Amino acid sequence: MFLDFEELSGQERYKLLTATIVPRPIALVTTRNEDGSTNAAPFSFFNVFSEDPPLVVLGLQSRPDFSLKDTTLNIRRTGEFVVNLVDESIAGAMVVCGADFAPDVSEIPAAGFTLQKSPKIDVDRIVEAPFSFACRRVTVLQFTKIRDLAIGEILGFTAREGLVDKQSLRVDWDVYQPVGRLYADQYIRTRDRFSMTIPSPEEIGNATP
Ligand SMILES: Cc1cc2nc3c(=O)[nH]c(=O)nc-3n(C[C@H](O)[C@H](O)[C@H](O)COP(=O)(O)O)c2cc1C
């Protein structure tokens with residue numbers, strides 16, 4: 001079966017893409033509103049794409065009425081944002097931030113989050129998040145007036161106590177329990193892990209009957 005994307009509507013493509021390209025990490029993005037308050041919203045059209053320079057990308061869609069989301073407006077205006085990653089301990093509070101609050105209502109108290117100033121940028125981070133990446137906009141690719149891809153450079157991250165060993169830079173995976181987004185309101189834990197080592201060409205050759 002081949003599904004021709006040129007013959008599908010945007011909504012149909014969204015349905016297929018978000019149900020197949022899974023799990024997606026979740027960026028709980030904080031940005032600074034025009035009045036100086038902090039906005040928070042989750043984005044799963046998100047990932048890291050490079051370490052040198054260290055780049056993240058956010059897929060910012062419009063609302064169903066085609067208006068721009070506060071996150072989009074804020075990144076366009078200030079050029080700064082924080083990617084707060086989401087683990088099991090803050091997953092429930094993260095979805096609260098997905099509610100379509102009026103621009104003058106802050107998601108932060110509704111979700112029970114605490115804010116703290118980020119190093120290097122003028123956007124607050126979420127204290128309860130396992131990791132908060134301070135990002136500066138490199139560019140925003142504006143595909144249409146209502147569809148942006150924001151590319152940000154990571155200036156550094158703040159880690160919750162006990163997650164990273166400062167000497168070895170190892171993340172403790174017994175403590176860090178990130179969640180990913182599946183389709184619609186479905187999420188996944190990352191507890192069922194297994195390891196695979198890339199074999200050498202010789203090992204592959206020996207295994208071939
Ligand atoms: C887990 C999750 C992932 C989401 N991912 C995206 C996304 O990648 N892009 C997007 O535009 N909206 C996404 N949303 C919806 C926004 O979070 C939602 O529209 C939010 O109200 C936007 O807030 P803002 O107007 O304060 O920026 C997601 C929602 C949830 C709960």
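At a glance:
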| item | result |
| --- | --- |
| Residues located in segment 156-170, provided they are loosely packed, with under 14 Cβ neighbours inside 10 Å and assigned to a loop (DSSP other than H, G, I, E, B) | 161, 162, 165, 166, 167, 168, 169, 170 |
| Residue satisfying all of: in segment 118-129; open to solvent by less than 10 Å² (accessible area, probe 1.4 Å) and within 16 Å of the ligand (Cβ to nearest atom); nearest to residue 25 (Cα to Cα) among these | 129 |
| Segment 1-37: number of residues that are assigned to a helix (DSSP H, G or I), without any contact (Cβ under 8 Å) to a residue 12 or more places away in the chain and open to solvent by less than 60 Å² (accessible area, probe 1.4 Å) | 1 |
| Matching residues in segment 171-209 - criterion: being free of Cβ contacts under 8 Å to residues at least 40 places away in the same chain, surrounded by 10 or more Cβ atoms within 10 Å (Cβ to Cβ) and among the charged types (D, E, K, R) | 172, 203 |
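The values are calculated or read from the model by the stated rules, or taken from the named source; none is laboratory data. These numbers come from a predicted model, not from an experiment. So basically every Cβ, Gly included, is an ideal-geometry build from the backbone, and we count neighbours across all protein chains shown. Side chains are part of the model used for accessible areas, which takes the heavy atoms of the whole protein and leaves out ligands, DNA and RNA. Shrake-Rupley method; radii C 1.70, N 1.55, O 1.52, S 1.80 Å.
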